[in-house]
Amino acid sequence: MTEAYETIRYEHADGVATVTLNRPDVHNAMNETMRRELVRCFEHLITDDTVRVVVVTGAGGRAFSAGADIREFVAPQVPTVFREHRRRIDFRAVMDGCPQPIIAAIGGYAFGGGLELALACDVRIAASDARLGLTEIDLAIIPGGGGTQRLPRIVGRGKALEMILTGARIDAAEALRLGLVERVVPAGEALKAAQELARTLAAKAPVALRYAKEAVVKGLELPLADGLRLENDLATLLRTTEDRVEGAKAFLEKRPPRWAGR
Ligand code: COA
């Protein structure tokens with residue numbers, strides 16, 4: 001299935017949806033249309049149970065995304081209008097509600113809002129030519145798409161502050177060392193690697209896959225005792241599924257499982 005968008009491409013095959021930021025002439029910089037289309041796309045994904053895993057990438061081979069479209073910065077903004085607008089049009093907040101694992105395939109530049117989009121994904125795979133940074137400080141602003149909150153949760157307070165205060169643009173090897181990306185693959189191969197991982201995940205029992213993500217992502221926001229309670233509740237629910245019985249039978253009968261998704 002393919003949906004019509006102006007600034008992104010959406011493809012869905014065999015349980016894997018691929019969302020491609022598609023403004024290659026400007027390194028996939030995000031304008032207002034793209035932000036709205038990403039909200040619409042992820043709102044759709046939240047309710048589409050046929051999509052098991054989502055991959056996000058950039059078109060053109062040179063960039064994941066160079067961040068917010070700086071051309072839109074030239075006009076001054078009325079503070080309250082901007083704040084209210086941001087509250088409503090935050091695709092990264094919509095992504096937080098996605099039950100499916102989301103994998104970022106990062107080739108080339110991922111700056112500002114582009115990196116913030118990658119930070120809102122669950123797993124990040126970078127090509128060796130990737131350059132990553134929260135560069136907003138050089139435009140006299142700060143990350144406003146979750147970067148100041150998500151980056152320290154991933155790389156720790158000191159490294160996040162160093163990156164945010166300097167606006168440093170780091171390479172893939174450094175990003176891997178920091179734990180900012182999970183894997184580095186040769187240039188040009190990030191999407192292939194992300195789709196391979198996505199297919200592996202899409203073959204898992206669907207409800208278990210969603211609950212595993214929920215336990216980790218929601219649990220991280222909770223005190224340990226509450227997180228353990230959440231884990232216990234989700235693990236208990238999974239003991240009641242048909243797929244649990246099927247998984248055990250398939251193992252004992254030495255055959256691949258056929259998941260029902262319930
Ligand atoms: N917003 C709007 N346009 C952008 C853009 C952005 N964030 N990033 C790149 N572009 C445009 C350039 O203006 C240029 O347009 P032009 O051909 O009409 O002049 C085109 O994309 C190609 O970019 P260019 O700078 O010529 O390519 P490059 O390979 O030399 O450098 C970058 C690429 C990404 C390193 C550089 O463009 C850059 O630093 N961009 C800004 C990144 C940033 O700070 N983002 C955070 C915004 S909050």
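The values are calculated or read from the model by the stated rules, or taken from the named source; none is laboratory data. Bear in mind the structure is a predicted one, so any value in this text is a computation, not a measurement. Heads up, the Cβs are rebuilt from the backbone with ideal geometry, glycines too, and the neighbour counts pull from every protein chain shown. We work out accessible area using only protein heavy atoms, side chains counted, and drop any ligands, DNA or RNA first. Shrake-Rupley method; radii C 1.70, N 1.55, O 1.52, S 1.80 Å.
Counting alpha carbon pairs within less than 8 Å and at least 6 residues apart, what relative contact order, in whole percent, applies to the range 176-262?
It rounds to 25 percent for the range 176-262.
Could you compute the FRET efficiency for Leu224 and Ala168, with r as their C-beta to C-beta distance and R0 at 22 Å, rounded to 0.05?
0.10
At a 1.4 Å probe radius, carbon and sulfur cover how many percent of the accessible area of the chain?
55 percent
List the residues, sorted by chain then number, that are 5 or more residues from Val185 or on another chain and whose placed amide H is less than 5 Å from its amide H.
HN-HN under 5 Å from Val185: Ala126, Ala127, Ser128.
Taking the convex hull of the Cα atoms, report for the range 64-151 its projected area averaged over all directions, in nm².
Over all viewing directions, the range 64-151 projects a mean Cα-hull area of 6.1 nm².
Place +1 on the Cβ of every Lys and Arg and -1 on the Cβ of every Asp and Glu in the chain, take the dipole about the Cα centre, and give the residue among Ala194, Leu134, Met95 whose Cα lies farthest towards its positive end.
Positive-end residue among those listed: Ala194.
Run the dipole for the range 134-262 about the Cα centre, Lys and Arg Cβ at +1, Asp and Glu Cβ at -1, nothing else charged, and hand back the magnitude in debye, nearest 20.
Magnitude of the dipole: close to 540 debye.
Per-residue accessible area for His12 at 1.4 Å probe radius, Å² rounded to 10?
Surface open to solvent at His12 totals about 40 Å².
Ordered by residue, what ³J(HN,Hα) values in Hz, to whole numbers, does the range 235-244 give under the Karplus form 6.51 cos²θ - 1.76 cosθ + 1.60, where θ = phi - 60° and Gly and Pro are x?
Listing the rounded values in order: 4, 5, 4, 5, 5, 9, 8, 4, 5, 5 Hz.
Which far-off residues, 5 or more places away or on another chain, put their amide H under 5 Å from the one on Val56, with H placed in the peptide plane?
Those qualifying (amide H under 5 Å, at least 5 residues apart or on another chain) are Val19, Ile103, Ala104, Ala105.
Give me a comma-separated list of calculated 3J(HN,Hα) values for the range 154-169, in order, Karplus coefficients 6.51, -1.76, 1.60 applied at θ = phi - 60°, integers in Hz, x for any Gly or Pro.
3J(HN,Hα) across the range 154-169, in whole Hz: 9, 10, x, 4, x, 5, 4, 4, 4, 5, 6, 6, 8, x, 4, 10.
Using only alpha carbon positions, build the gyration tensor of the chain, then give the equivalent ellipsoid semi-axes as the square roots of 5 times its eigenvalues, largest first, whole angstrom.
Those come to 33, 20, 19 Å.
Add -39500 (n - 2.57) for each DSSP H run of 4 or more in the chain, then divide by its residues: what number comes out at 222 nm, to the nearest 500 deg cm²/dmol?
-13500 deg cm²/dmol
How much accessible surface does Ile103 have with a 1.4 Å probe, in Å² rounded to 10?
We get 0 Å² for Ile103.
Once a ≥ b ≥ c are taken as the square roots of the eigenvalues of the Cα gyration tensor of the range 140-247, is the result rounded (a/c under 1.5), prolate (a/b larger than b/c) or oblate (a/b not larger than b/c)?
Verdict is oblate for the range 140-247.
Counting Lys +1, Arg +1, Asp -1, Glu -1, what net charge surrounds Pro206 among other residues with beta carbon under 9 Å of its beta carbon?
In short, +2.
List, in order, the whole-Hz ³J(HN,Hα) value for each residue of the range 95-102 obtained from phi through the Karplus relation with A = 6.51, B = -1.76, C = 1.60 and θ = phi - 60°; use x for Gly and Pro.
After applying 6.51 cos²θ - 1.76 cosθ + 1.60, I find 4, 4, x, 6, x, 7, x, 10 Hz.
Report, to the nearest 10°, how far helix 190-202 tilts away from the longest principal axis of the Cα atoms in the chain, using its own Cα long axis and a range of 0 to 90°.
Tilt of helix 190-202: around 30 degrees.
Distance in nm between label sites at His44 and Ala248, each 7 Å beyond Cα in the beta-carbon direction?
Result for the modelled spin labels: 4.0 nm.
Taking amide hydrogens as modeled 1.01 Å from N in the peptide plane, which residues meet the under 5 Å criterion relative to His12, leaving out close sequence neighbours?
Thr18
For a quick protection proxy, order the peptides 21-34, 149-162 by their average other-Cβ count within 10 Å, most packed first.
So the peptides 21-34, 149-162, ranked by packing, come out 21-34, 149-162.
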